[in-house]
1. Quick check on this structure: which one of A:Thr54, A:Thr133 is touching a residue at least 60 places away in the same chain (Cβ under 8 Å) and either assigned to a helix (DSSP H, G or I) or facing chain B (nearest Cβ under 9 Å) (or both)?
2. Is it the case, given these coordinates, that A:Gly42 is buried (at least 19 other Cβ atoms within 10 Å of the Cβ) and part of a loop (DSSP other than H, G, I, E, B)?
3. In the range A:136-156, which residues are more than 16 Å from B:Thr82 (Cα to Cα) and in contact (Cβ under 8 Å) with a residue 60 or more places away in the chain?
4. If you check A:Gly60, A:Gly48, which single one turns out to be under 21 Å from the mean Cα position of the chain (by Cα), more than 23 Å from B:Leu86 (Cα to Cα) and not in a strand (DSSP E or B)?
5. Looking at (1) in contact with a helix residue (DSSP H, G or I) (Cβ under 7 Å, 6 or more places away or on another chain); (2) in a strand (DSSP E or B); (3) buried (at least 17 other Cβ atoms within 10 Å of the Cβ), which one does A:Thr26 not meet, given that it meets all the others?
6. With the checklist (1) under 25 Å from A:Arg140 (Cβ atoms); (2) under 18 Å from the mean Cα position of the chain (by Cα) in hand, flag the one item A:Ala100 doesn't pass.
7. Assuming A:Leu113 fulfils every condition listed in (1) in contact (Cβ under 8 Å) with a residue 40 or more places away in the chain; (2) touching a Leu at 6+ places or on another chain (Cβ under 8 Å) apart from one, which condition is it?
8. Test A:Ile79 against the stated conditions and say whether it is at the interface with chain B (Cβ under 10 Å from one of its Cβ atoms), among the β-branched types (Val, Ile, Thr) and more than 23 Å from A:Lys218 (Cα to Cα).
Amino acid sequence: MATAAIEIENLTKDYPFGFLHLKKRTSLEGLTMSVEDGEVFGFLGPNGAGKSTTIKLLVGLIFPTAGTARILGKSISDISMHADIGYLPEQPYFYDYLTAAELLDYFARFHDLSAQERKARVDRMLKKVGLETARKIQLRKYSKGMLQRVGLAQAILHDPKVVILDEPMSGLDPVGRREVRDIILELKQAGKTVLFSTHILSDAEMLCDRVGVIVGGKLRGVGAPDEIVGLKAEAMEILFEYAGAANGLGGLLSKVTQTGTRYRTQVAEADLYATVQQLCGVRAKILSVTQVKATLEEYFMHLVEGDRAQATAVEVSGK
Amino acid sequence: MRRVGIVALNTFREAVRDRVLYNLVFFALVMIAASILVGQVSIGIEEMVIVTLGLSAISVIGLLIAVFIGVGLVSKEMDKRTLYALLAKPVHRWEFLLGKFGGLVLTLTVNTIAMAIGLFLALSLIKQSGEHVQGSVLVAVYFILLKLALVVALALLFSCFTTPLLSILYTAGLYIAGLFVMEMRTFQSDTMSLAMRSLLRWLSYLLPNFENFDVMAAAAHGRAIPTALIAQNTAYAALYCAVVLAAAAAIFTRRNLK
């Protein structure tokens, strides 16, 4: 049986507010879950759901009101545990008077690495995140996406056993997102445990062994992505080209949207094959057939329908 | 302590790259202008004027750096969230604090030494100073440095729990109050109640005593500064800094970051 790399038990975080701090807002409520060794775990939830709060609790940036957590068997209050974890903050920002190479070297110094080893690792990491050519540029001149890459590099610089990434795809262009996905997959292949938060379902579906969905500070489910957020196809969308007269489409005409010679239509899954046959019959060229799924936002809304009042409270208290 | 040193050196590097040491140019200009002017307007007291002016400039410039950079040592890192990635490394929060303190004190030391060299150069331009004057000026510079370390510790403490603006006000307020502790201690008034006198007396012991660090007049007149005072001020500054930094660490260690 796999051992848990991260164990969280009844973790709760309240934030006091008001003039005398007598009132409290619960950001995380009784979170109990675990992430197995070598697993890629996705933490899903809308903004303000408690994802970042959980991650900040795990890396010791904030302290729990109640509950405990252990990483690799050590309490999160034990600073020695930090030698084995890598952390990418949400929307990271670093010392902007340093260059990327200097920043990585600075962070590497906290891990008892020799000067030679530090240099080798810094070079390797900069290459991995595609910043070799920008290594001597001060971070104040970096774009948001470049800072995200530096953040990722510093998180895995010391070859940690557990990597915790807060919204790692945020601010990245499609190429950058793909590179981050590749890095996460590489980490998985290397046997690392990865916990990352996201509100983008496709990232979680593509990368995660398991996901946990958190809404309103409460964990709503943990399991394989298909089980937890496997959204049923609502319809099938067909994109096709048709050069003939529009009335040649017959009964389909009322259901299509035309852009030049291209047409788009949505049909029920059961009617897919009949429709495709009909289109082939009129010599239409089918370009693509895709599933139409509900968005993750719709899924989250479905989750909070039962306690809409709480959802509203979360929205109001959202950062 | 190795990790404290890493943070300290980075803090020093930040100060250098943010051009904090550019103030030295201003100081150099003041000293050059003073050397030229003093020779023309004062007769026989050039040395005293230069020493007073130089030490005042060293003190004021140092205080401005200590307060304005000191209050941002922690709060700036929290606002910009630059310390998030750092605190996820195997580094204790108190090590981070001590490193920030050490880094700014190192910056101030380099700055003060450079200004002191400028002051001695200015003195050498006027005339050949006696050894007793140079010795007193050196001690006065050392006391300024001790005073600045104390101010940095106070600014760092406030930086841990309040806004930069309030930190400036609190630090400046304590500094000004600290210049009058002896008056507070000896102040007696018939209209004052016993409780008030007692309170003032206690306050005078609690507040940082900055008066003791001021030996500018003695240095300007070339009077020797007692060794006992040097030892006493060194011990006082070290102890007071330790207590203030311990308080800062106690607050910062429990602080939830945003």
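1. Values: A:Thr133 fails: touching a residue at least 60 places away in the same chain (Cβ under 8 Å).
None of the other options fit; the residue is A:Thr54.
2. Values: buried (at least 19 other Cβ atoms within 10 Å of the Cβ): yes; part of a loop (DSSP other than H, G, I, E, B): no.
So A:Gly42 does not fit the description; no.
3. Matches in the range A:136-156: A:Ile156 only.
4. Numbers: A:Gly60 fails: more than 23 Å from B:Leu86 (Cα to Cα).
Exactly one of A:Gly60, A:Gly48 is under 21 Å from the mean Cα position of the chain (by Cα), more than 23 Å from B:Leu86 (Cα to Cα) and not in a strand (DSSP E or B), namely A:Gly48.
5. (1)
6. (2)
7. Every condition holds for A:Leu113 apart from (2).
8. Numbers: at the interface with chain B (Cβ under 10 Å from one of its Cβ atoms): yes; among the β-branched types (Val, Ile, Thr): yes; more than 23 Å from A:Lys218 (Cα to Cα): yes.
Yes, satisfied.
The values are calculated or read from the model by the stated rules, or taken from the named source; none is laboratory data. Predicted model only: the values in this text are computed from it and were never measured. Methodologically, a virtual Cβ is constructed for each residue, glycine included, from the backbone with ideal geometry; neighbour enumeration extends over all protein chains shown.
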